[in-house]
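Below: one structure, written as structure tokens.
The values are calculated or read from the model by the stated rules, or taken from the named source; none is laboratory data. Computed from a prediction, not measured in an experiment: that's the story for all the values here. No Cβ is skipped: glycine too gets one built from the backbone with ideal geometry, and neighbour counts run over all protein chains shown. To get the accessible areas, we keep the full protein, side chains included, count just its heavy atoms, and leave off ligands, DNA and RNA. Shrake-Rupley method; radii C 1.70, N 1.55, O 1.52, S 1.80 Å.
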Amino acid sequence: MAVKSLGYVVIRTTDLVGWQDFACNTVGLMPAPSPREGVALFRMDDRPFRFWVEQSDRDGFVAPGWEFASREEFEAALAALAAAGRPVERADAQEARIRQVYELARSSDPAGNAMELFYGRFVDYAPFVSPAAVSGFVTGEHGAMGLGHVVFTAPNFAETHAFYKDVLGFGDTDLGRFYLMGGGPDDPGVGFAFLHCNGRHHSLALGEMPESPNGAVHMMLEVATLEDVGRAYDRVLKSKGKVPLSATLGRHVNDKMTSFYMQTPSGFDIEYGWNGLVIDPATWVPTTSLAVSDWGHKWAHESE
Ligand SMILES: [Fe+2]
């Protein structure tokens, strides 16, 4: 039943042309053939696509596509979801074909975050070439670490955290509680959980926060070199606010990622990073981190 990796993401936009420009020229993703009008696909490795972006009357993150290693794992997950009282909707063969997977289903977590589930590792052997000359995106050997990570809000934090561990097989990597109101007796703190499903430090993070209007807080992509991060940072600065910078360059304490954050045309952020920590899930003991960043990561909404 355990999720193997973050296989793809589904995003909606009111400005598909703007998204194409952002994806190719700022992020450096490679456009892939579109399966239908109003949909743009983008590659970052040998998978046929990692980003599915569709024209809509709303902007936002729609769903992660969680990958399973086999039909058996996929079926076990659907059974576990049903047993946990979550809705399970199986997509038909045509829908699975257009997503370029063997079988596809949809569900949601107890906080209401939508998800897709699939198995079938389709491979496009055309070489990956970045339109922005990114040297490469890090997805692990044969894509085993997935495309990056996604961060969701979960007001019902404990229930949602338990769901991902008990129903979908994620493991705890790092747990934290941040006291943003001074840490006094009236400050309940904000819970955070960073969860793994492969060697990537986290493929999913949950924050005990009110529901995000953008469908997700952010997603992270990892590039091969620090220069790839720096050049992308330059592209964002050169855009003169067209691509809003959400947080300056910095380094996270827990996954050691050197990264910055920018706002996508759909409202949520992309963290663009390098050199994230790889763990051994078999031996990892969860940490509790007392800070977010070693240095940097000054948020645009911070006043000082
Ligand atoms: Fe992140």
### Task
Please state, rounded to one decimal and in Å, the Kirkwood hydrodynamic radius that segment 60-182 gives when every pair of distinct Cα atoms enters the mean of 1/r.
16.6 Å
### Task
Excluding ASN156 itself, calculate the net charge of residues whose Cβ lies under 14 Å from the Cβ of ASN156, where each Lys or Arg counts +1 and each Asp or Glu counts -1.
-3
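Please give the net charge around LYS165, taking every other residue with its beta carbon less than 12 angstrom from that of LYS165, where Lys and Arg add +1 and Asp and Glu add -1.
Neighbourhood net charge equals -4.
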### Message
If I histogram all Cα-Cα distances within segment 223-288 using bins 10 Å wide from 0, what percent of pairs lands in each bin?
### Response
20, 44, 25, 10, 1
### Message
Based on alpha-carbon atoms only, what is the radius of gyration of segment 167-304 relative to the globular estimate 2.2 N^0.38 Å?
### Response
1.10
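On a 1.4 Å probe surface of the protein chains, which of MET44, MET1 comes out largest in accessible area, and what is the full order?
Accessible-area ranking of MET44, MET1, largest first: MET1, MET44.
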### Summary
Normalised Cα Rg of segment 40-79, dividing by 2.2 N^0.38 Å with N its residue count, works out at 1.53
### Task
Determine the calculated [θ] at 222 nm for the chain from helices alone, applying -39500 (n - 2.57) to every DSSP H run no shorter than 4 residues and normalising by the residue count; nearest 500 deg cm²/dmol.
-4500 deg cm²/dmol
### Message
If every alpha-carbon in segment 16-113 counts as one equal scatterer, what log10 I(q)/I(0) does Debye give at q = 0.10, 0.19, 0.20, 0.24 1/Å?
### Response
-0.34, -1.06, -1.13, -1.33
### Query
Taking the alpha carbon gyration tensor of segment 14-62, what are the square roots of 5 times its eigenvalues, largest first, to the nearest whole Å?
17, 12, 9
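Among the complete DSSP H segments of the chain, which ones combine at least 24 Å of alpha-carbon extent along their axis with a mean Kyte-Doolittle hydropathy of 1.6 or more?
none
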### Query
Where does the chain land on Rg(C-alpha)/(2.2 N^0.38 Å)?
0.95
